[in-house]
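Data block below; observations after.
The values are calculated or read from the model by the stated rules, or taken from the named source; none is laboratory data. This one's a predicted model, so the numbers in the text were calculated from it and none came from an experiment. Here Cβ is always computed from backbone atoms with ideal geometry, including for glycine, and neighbour counts include all displayed protein chains. The accessibility values were calculated without ligands, DNA or RNA, using every heavy atom of the protein model including side chains. Shrake-Rupley method; radii C 1.70, N 1.55, O 1.52, S 1.80 Å.
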Amino acid sequence: MTSTSDNSTADRRTDMAMQLRARGDVEAAIDLMQQTLELVPNWPEGRFILANMELEAGQTETGIGTLRAYLLLDPADSLGASAKLATLGATADTHDLPSAYVERLFDQYAPRFDKALVDGLKYSAPQQIRTAIDTHFPQRRFDRALDLGCGTGLMGAAIRDITTKLEGVDLSAGMLTAAKRKNVYDNLDHASLLDALRAHASTYDLVLAADVLVYVGNLAHVMSATEHAMTKSGLFVFSVQAGDADFRLGPDQRFSHSEAYIRASLCSARLSLIQITNSSFRQERNTDVPGLLVVAAKPT
Ligand SMILES: C[S@@+](CC[C@H](N)C(=O)[O-])C[C@H]1O[C@@H](n2cnc3c(N)ncnc32)[C@H](O)[C@@H]1O
């Protein structure tokens, strides 16, 4: 948690409640957090902290109620309560994660992202995407590439030498600052990938999405906006986390997608499938997370 309640007594009590929780006394932590919220009833983060404590204590229904109270105070949902409610089965299927939540998550993550992913989680989507492009189109050079959810620029760095112009778009200003430092993009846009795609018709001959569609459930809009933004014979190359439902938000707050769903989504957007293969792009707790590597093209 980063923001405070603007009430020093409430902030002190919250610190104490967190310490109690860290020592394993969740019931006492809940008591103290409830008293704290009597002082600052409209502090969204306080509600979110209390909800997590209640869920940790096995008070699921109460925790769900507190998450809903939090959402009334922060409708933009920068802490991701709606995703939590979905994984608790307390809402209908979630189609998307709130932009404010993704932005905040990655703003916090940005300074340690490269090290955490590449060293810690053995992240390899950018290299695998590059290899797939080289395998299918060994001599091809691109005029204008768009890196969706470019993050700190790992994907950009992996394909810079095969495109004349390279653009990146991301929701997180913190990630974009790190990407700018890599000095591989001609342009970086602080926007949602859908807005960036919709703003360009028949523009890009290469669109990339490395470990980004895990933050989007229903892919229908992304597929049709990508097709709209691509030139004829342009490529769309991306990774997803593999699952058996069309799309499902997991406890890791990331969506998985099934192969059948990816095939159907590409087909509805009139994109031709070139490759869809099982792979793994990262590890969780030293275990490979199953993924799909996809290469598709806009027909000529
Ligand atoms: C796991 S990181 C991957 C970054 C980069 N593609 C790479 O391979 O290192 C996911 C990135 O996608 C961005 N992101 C997620 N949803 C987005 C959306 N709807 N529009 C734009 N960026 C998004 C996040 O802010 C984050 O920087």
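Filter region 233-246 down to residues that are open to solvent by 40 Å² or more (accessible area, probe 1.4 Å) and closer than 15 Å to LEU266 by Cα and give me whichever is farthest from the chain's Cα centre (by Cα). Quick ask: steps written out before the conclusion?
Restricting attention to region 233-246, the residues satisfying the condition of being open to solvent by 40 Å² or more (accessible area, probe 1.4 Å) are 233, 244, 246.
If we keep only those that are closer than 15 Å to LEU266 by Cα too, we end up with 233, 246.
On the way: SER233: 28, ASP246: 17 Å.
Here the residue is SER233.
Report yes if ALA83 is hydrophobic (A, V, I, L, M, F, W, C), outside any helix (DSSP H, G or I) and within 15 Å of the ligand (Cβ to nearest atom), otherwise no. Break it down into steps so the answer makes sense when it comes.
Working: hydrophobic (A, V, I, L, M, F, W, C): yes; outside any helix (DSSP H, G or I): no; within 15 Å of the ligand (Cβ to nearest atom): yes.
No; evaluated as a whole, the condition is false for this residue.
Please work out which one of (1) over 22 Å from LEU97 (Cα atoms); (2) open to solvent by less than 60 Å² (accessible area, probe 1.4 Å) is the condition SER268 fails and give its number.
The number of the failed condition is (2).
Of the residues GLY46, GLY63, GLY80, only one is within 27 Å of the chain's Cα centre (by Cα), touching a residue at least 60 places away in the same chain (Cβ under 8 Å) and closer than 30 Å to TYR215 by Cβ; which? Lay out the reasoning, then the answer.
On the way: GLY46 fails: touching a residue at least 60 places away in the same chain (Cβ under 8 Å); GLY63 fails: touching a residue at least 60 places away in the same chain (Cβ under 8 Å).
Residue meeting the stated conditions: GLY80.
Restricting to region 1-29, name every residue that is within 16 Å of PHE48 (Cα to Cα) and among the hydroxyl-bearing types (Ser, Thr, Tyr).
Residues satisfying the conditions are THR2, SER3, THR4, SER5, THR14.
Within region 41-61, is there a residue that is within 20 Å of GLN253 (Cα to Cα), among the polar types (S, T, N, Q) and part of a helix (DSSP H, G or I)?
Yes - at least one qualifying residue is present in region 41-61.
Residue-wise test of (1) within 13 Å of the ligand (Cβ to nearest atom); (2) under 19 Å from TRP43 (Cα atoms); (3) among the aliphatic types (A, V, I, L, M).
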residue: TYR70; (1), (2), (3): no, yes, no
residue: ALA76; (1), (2), (3): no, yes, yes
residue: ASP96; (1), (2), (3): yes, no, no
residue: GLU103; (1), (2), (3): yes, no, no
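Just checking, which of ALA57, ALA86 is at pLDDT below 90 and either open to solvent by 30 Å² or more (accessible area, probe 1.4 Å) or in contact with an Asp or Glu (Cβ under 9 Å, 6 or more places away or on another chain) (or both)? Before the answer, list the steps.
Details: ALA57 fails: at pLDDT below 90.
The unique qualifying residue is ALA86.
Here are the criteria: (1) of a type in the set (S, T, N, Q); (2) touching a Phe, Trp or Tyr at 6+ places or on another chain (Cβ under 8 Å); (3) not assigned by TED's automatic domain parsing to the domain that holds CYS150. Tell me which single one SER124 does not satisfy.
The failed condition is (3).
Given (1) in contact with a strand residue (DSSP E or B) (Cβ under 8 Å, 6 or more places away or on another chain); (2) open to solvent by 30 Å² or more (accessible area, probe 1.4 Å); (3) assigned to a helix (DSSP H, G or I), identify the lone condition not met by LEU105.
Every condition holds for LEU105 apart from (1).
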